[in-house]
Amino acid sequence: MRTVVRWTLRIGVVLLVLAAGLAGAVYALSARRLNRVYAIDVVVPRAIPADAAGIERGRHIATALASCQMCHGADLGGQTLVEGPIGTIAAPNLTRGAGGLGAAFADADWVRGIRHGVHRDGTTMLAMPTEAFVYMNEGDVGALVAYLKQLPAVDRAMPPSRLGVLGRALLAAGKFSILVAEKTPRLAYPDAITPASTVDYGRYLANFTGCHGCHGFGLSGGAVAGPPGIPPASNLTPDPATGIARWTEADFERALRHGVTPDGRQLDTFMPWPYFSGMTNTEVAALWSYVRSVPAKPFGNK
């Protein structure tokens, strides 16, 4: 009996040592990636507008195209997105109020976050869609910064985003693609483009509004990285079997602005149609021109 007890204790000690070693390895691997400092060459737009038209353009980008309110809240004063074993993911307060970033941010800080997903200290942000925003041209980035700088103050202190035990374990195992700076390409500003109902302008909008992030660069849809339960992205190509070959422009506009498909299905709000409802007629027409121009592909064949 004593022998059994001794061996049980020994096995328990070994298991505890192994668990402690595994936890230490997970912490070290995750900390190395979380604490990495990125050397970013921040290129501030040559013009940050101060006129009403420029600020209004920035408001339109923030609210109807970039869907900033989806994460940062209706007043852009921040909100907690995830809290639990995976960690805390909170979108910060962007205003000049108490607890906000606006009072301290210089133009370069705004651009660093919008285009590169990097904090002022050089470490990566979590869950910021800079891999899409990096495709925004210089004029639109300048207008967005101009709008954010003059937001009405909201007093709200947000908790810092941090990964918990589960989040760190998933990160160390390569199963959690949440480190923004790692997945954001280093790109120069794209050329300025005149808003028009053209394929080129539609492609530009699809790039930075996040269409390609969910539907793929071929727009054929498939599984989407996000919270549990998110439905797959639809096939937006003119594929006759699984795509939108039979849609009309009116069908496309209804889905984009009201979240309703031609067969009456209500789209999940993870597809940010409540924000896209504010798109102009020109923007909707440009996106329609673009999706009709891409090659037909089977569903999920990105």
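Taken together, the values in this text are just the output of simple stated rules run on the coordinates, not laboratory data. Since the model is a prediction, treat every value here as computed from it, not as a measurement. With ideal geometry, Cβ positions are generated from the backbone for all residues, glycine too; neighbour counts draw on all protein chains shown.
Some values worked out for this structure:
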| read-out | value |
| --- | --- |
| Within a Gaussian network of the chain (alpha carbon springs, distance under 10 Å), most fluctuating of L148, L170, L205 | L170 |
| Test item: Cα-centred dipole of the range 145-302, Lys/Arg +1 and Asp/Glu -1 on Cβ, debye | 540 debye |
| Rg to Rh quotient for the range 222-302, alpha carbon positions, Kirkwood Rh | 0.95 |
| Along each principal axis, Cα extent of the range 76-164, largest first, Å | 41, 28, 20 |
| 11 Å beta-carbon shell around R120, net charge (K/R +1, D/E -1) | -1 |
| Axial C-alpha extent at least 20 Å, average Kyte-Doolittle at least -1.0 - helices from the chain (DSSP) | 2-34 |
| Cα centroid separation, the range 93-150 to the range 196-262 (Å) | 26 Å |
| In the range 117-196, the trypsin sites (Lys or Arg not before Pro) that fall in loop regions by DSSP, at most 14 other Cβ within 10 Å | R120, K175, R186 |
| Residue-by-residue Karplus 3J(HN,Hα) for the range 102-113, coefficients 6.51, -1.76, 1.60, Hz, glycine and proline x | x, 5, 9, 6, 8, 4, 5, 5, 4, 5, 4, x |
| Positive-pole candidate from A53, I114, P190, dipole of the chain, charges at beta carbon | I114 |
| Convex hull projection area averaged over all views, the range 51-204, Cα basis, nm² | 9.8 nm² |
| Radius of gyration, Dmax [the range 144-222; alpha carbons; angstrom] | 17.9, 48 |
| Computed [θ] at 222 nm, deg cm²/dmol, the chain (DSSP H ≥ 4; -39,500 (n - 2.57); rounded to nearest 500) | -11500 deg cm²/dmol |
| Rg and Dmax [Cα atoms of the chain; Å; Rg one decimal, Dmax integer] | 22.5, 85 |
| Two-site label geometry, N281 and D191: point separation in nm, points 7 Å out along Cα→Cβ | 2.9 nm |
